[in-house]
Amino acid sequence: MMILDLLMIFLGIIILILGVLIGVAFLTLLERKVLGYIQIRKGPNKVGLLGILQPFSDAIKLFTKEQIYPKFSNYMSYYFSPIIGFVLSLMIWMLIPYYFNMISFDLGILYFLCCTSLGVYTIMVAGWSSNSNYSLLGGLRAVAQTISYEVSLALILMSSLIMIMSFNMIKFYEYQSLVWFIVILFPLSLCWFSSSLAETNRTPFDFAEGESELVSGFNIEYSSGGFALIFLAEYSSILFMSLLFVLIYLGGYNLSFFFYLKLSMISFLFIWVRGTLPRYRYDKLMYLAWKIYLPISLNFLLFCLGLKIIMMYKYF
């Protein structure tokens, strides 16, 4: 029976990963379509009906191209860092609080923080191992930015965790049955969304890819499969951060059409921001993390502690 259970868990994980990859494929299509309409053009519309097969043709093109290795690169780290980054971005998806078939994490939030912290190393190694000044500079920028915003992400999360007093993702649904946390913690939810943008290197915080001075950032020397894996890891993280926003602030996880609609809406917001906002200045990005989000999240932490203590005294 134990072997059968393990097989079912393994099968569930495979199905989940396939679902995530297909979701990522269509997220890229959605992004190109939305950006197209924002810029008053069609977006991809040739491959398949209304361009539906475009992501798959892109994947085939990228994975069948010849891979080029810089002569002076550190080959092993250069080759494996995109693969490890991609695996880490998929590992976080094990956190989805399924009610069936999957592993239920009692310490899910801690697992999420560990995986996102490890993701920084893959960016750093990818930038360094290419042995190019521009990719190293892009990698350093991305790492400084990601570390700064992880502090604010963790502190913002702590306010929500104090409300539910658990690290388990399922509890978010139980505690939001009457009112969503976005109502109580509205400013904090905006800080979380903004930090998610910075965490996933998205516009207006895409300094790792500053076209005017770095040309593409830490992934400049990557082509074909390596570039595709970095690309997939980024979009997988975007999808997961959207999921986490829905879990924490918009009613938690429940198997309904409305849940997936909320998830799609938050993913759409990531793209909408890219289409409308210009890139921020780097010193302002750091100012935002350390001088604005840090005090706000600490104040909300005290507010949530007070709220929780009042509720405990009320019931006991």
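The values are calculated or read from the model by the stated rules, or taken from the named source; none is laboratory data. As the structure is a prediction and not an experimental result, all values here were calculated from the model. Quick reminder, even Gly has a Cβ in these numbers, built from the backbone with ideal geometry, and neighbours come from all protein chains shown.
Before moving on, here are some points about what is shown:
- Some residue of the range 114-126 being crowded, with 16+ Cβ neighbours inside 10 Å, among the small types (Gly, Ala, Ser) and out of contact with any Phe, Trp or Tyr (no Cβ under 8 Å at 6 or more places or on another chain): yes
- Scan the range 145-193 for residues that are in contact with an Asp or Glu (Cβ under 8 Å, 6 or more places away or on another chain) and among the basic types (Lys, Arg) and the total you get is 0.
- Qualifying residue in the range 103-113 (condition: at pLDDT 90 or above, closer than 28 Å to SER267 by Cβ, within 18 Å of the chain's Cα centre (by Cα) and hydroxyl-bearing (Ser, Thr, Tyr)): no
- Figure legend. Inter-residue proximity from the range 281-292: first residues farther than 16 Å from LEU155 by Cβ, second residues surrounded by 13 or more Cβ atoms within 10 Å (Cβ to Cβ) and among the basic types (Lys, Arg), beta-carbon distance below 8 Å, spacing 6+ or different chains. Indicated pairs: TYR282/ARG141.
- Test: residue in the range 57-74 that is under 22 Å from ILE271 (Cα atoms) and in contact (Cβ under 8 Å) with a residue 60 or more places away in the chain: yes
- Residues satisfying the stated conditions in the range 156-187, i.e. polar (S, T, N, Q) and not in a helix (DSSP H, G or I): SER166, ASN168, GLN176, SER177
- Residue count, the range 64-75 (criterion: part of a helix (DSSP H, G or I) and modelled with pLDDT under 85): 1
- Residues of the range 175-209 that turn out to be small (Gly, Ala, Ser) and surrounded by fewer than 19 Cβ atoms within 10 Å (Cβ to Cβ), as a count: 1
- Long-range neighbours under 8 Å by Cβ, at least six apart or interchain, first residue closer than 17 Å to TRP93 by Cα within the range 4-18, second of a type in the set (Phe, Trp, Tyr) and part of a helix (DSSP H, G or I): LEU16/TRP93; ILE17/TRP93
- Looking across SER177, SER189, SER267, SER224, one residue alone is of a type in the set (Ser, Thr, Tyr) and under 15 Å from the mean Cα position of the chain (by Cα). It is SER267.
- Screening the range 216-230 for residues that are among the small types (Gly, Ala, Ser) and crowded, with 21+ Cβ neighbours inside 10 Å and picking the one that is farthest from PHE86 (Cα to Cα) gives GLY217.
- When ILE170, ILE156 are checked against the criterion of being closer than 23 Å to ILE310 by Cα, touching a residue at least 60 places away in the same chain (Cβ under 8 Å) and either of a type outside the set (Gly, Ala, Ser) or touching a strand residue (DSSP E or B) at 6+ places or on another chain (Cβ under 9 Å) (or both), ILE156 stands alone in meeting it.
- Some residue of the range 275-291 being surrounded by fewer than 19 Cβ atoms within 10 Å (Cβ to Cβ) and closer than 30 Å to LYS65 by Cα: yes
- For the range 296-316, the tally of residues that are more than 23 Å from PHE181 (Cα to Cα) and assigned to a helix (DSSP H, G or I) stands at 0.
- A count restricted to the range 35-56 and to residues that are surrounded by fewer than 16 Cβ atoms within 10 Å (Cβ to Cβ), in contact with a Gly (Cβ under 9 Å, 6 or more places away or on another chain) and either without any contact (Cβ under 8 Å) to a residue 40 or more places away in the chain or outside any helix (DSSP H, G or I) (or both) stands at 5.
- Qualifying position, being within 22 Å of the chain's Cα centre (by Cα), part of a loop (DSSP other than H, G, I, E, B) and of a type in the set (Ser, Thr, Tyr), among TYR253, TYR293: TYR253
- Considering each residue of the range 199-217 in turn, at least one proves to be over 22 Å from GLY252 (Cβ atoms) and in contact with a Pro (Cβ under 9 Å, 6 or more places away or on another chain).
- Some residue of the range 27-34 being at pLDDT below 90 and either surrounded by fewer than 17 Cβ atoms within 10 Å (Cβ to Cβ) or within 17 Å of ILE60 (Cα to Cα) (or both): no
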